[in-house]
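Quick notes on the structure that follows.
Throughout, read-outs are computed from the coordinates displayed, never taken from laboratory work. In this text the structure is predicted, and so the values were computed from the model without any measurement. Quick reminder, even Gly has a Cβ in these numbers, built from the backbone with ideal geometry, and neighbours come from all protein chains shown.
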Amino acid sequence: AANGISFYLKPNWSKVREFEVWIAAASQVTFSLSVGFGAILGYASFNKFKSNYLRDCLIVTACDCFTSVFAGFAVFPILGFMSYKTGLPVDQVAKAGPGLAFIAYPQALSIMPGGPFWAVTFFFMLLTLGLDSQFALSDVTISGLLDNFSGLRRYKPFVIIGYCVVCFLLALPMCAPGGIYLFTLMNEYSANLSVIVCGFFEFIIIAYIYG
């Protein structure tokens, strides 16, 4: 565990000169704060027009930063433990993404005391996190449809059901044997640089056109 925490807190300054690191960091910030996805704008639309947005931005950013750092102290001790058991360096135990959640963590939990209980708890947490994320992202699309086509408001329950069914059908190919390749393709090209570009243009529109 100590090796994992040391790896987490000890910076590698040589990586600062790599452009990919800055892109990855910016992508992580935009993904963590939901900037560019529309969820924050959707929630903000329910605020009063003259609400203190600067205060809200500072509170949301501070809370997100704290929870992200705290989550690191929960993840890297497990990776350090796996590094000790396997004899591999911490950075080679698992990569971020599905390998961390569905390979490294279950392996670590299986050799811990009370492993089955912690495994059930861990995957239940993943389930609730996924549902919570879908609530926010689904609300963006559904609210946009209802705002632009007001006649659909009377059929809101059916719109929600239809949207969920469509999303379910679109996600089915990722459950196929080659689904991991589709997941990687979408993750690389729709959740990294593209989100940063969308956020940049949103900033221009809000600050210089709407503002």
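Points to keep in mind about this one:
- Estimated FRET transfer efficiency (residue 201, residue 128; beta-carbon r; R0 25 Å; 0.05): 0.15
- Taking the Cα centre of the chain as reference, the dipole from Cβ charges on Lys and Arg (+1) and Asp and Glu (-1) amounts to some 260 debye.
- Couplings 3J(HN,Hα) of segment 5-15, computed from phi: 5, 4, 5, 5, 8, 8, x, 9, 5, 5, 6 Hz, in residue order, whole Hz [Karplus 6.51 cos²θ - 1.76 cosθ + 1.60, θ = phi - 60°; x for Gly and Pro].
- Normalising the average separation of contacting C-alpha pairs (under 8 angstrom, six or more residues apart) by the number of residues puts the relative contact order of the chain at 33 percent.
- Peptide packing: for 65-74, 28-37, the average count of neighbouring Cβ atoms within 10 Å per residue gives the ranking 28-37, 65-74, highest mean first.
- Residue-by-residue Karplus 3J(HN,Hα) for segment 198-203, coefficients 6.51, -1.76, 1.60, Hz, glycine and proline x: 4, x, 5, 6, 4, 4
- Given charges at Cβ of Lys, Arg, Asp, Glu: segment 85-211 dipole, positive-most of 161, 128, 203: 161
- Mean-position separation - Cα centroids, segment 134-211 and segment 27-91, in angstrom: 20 Å
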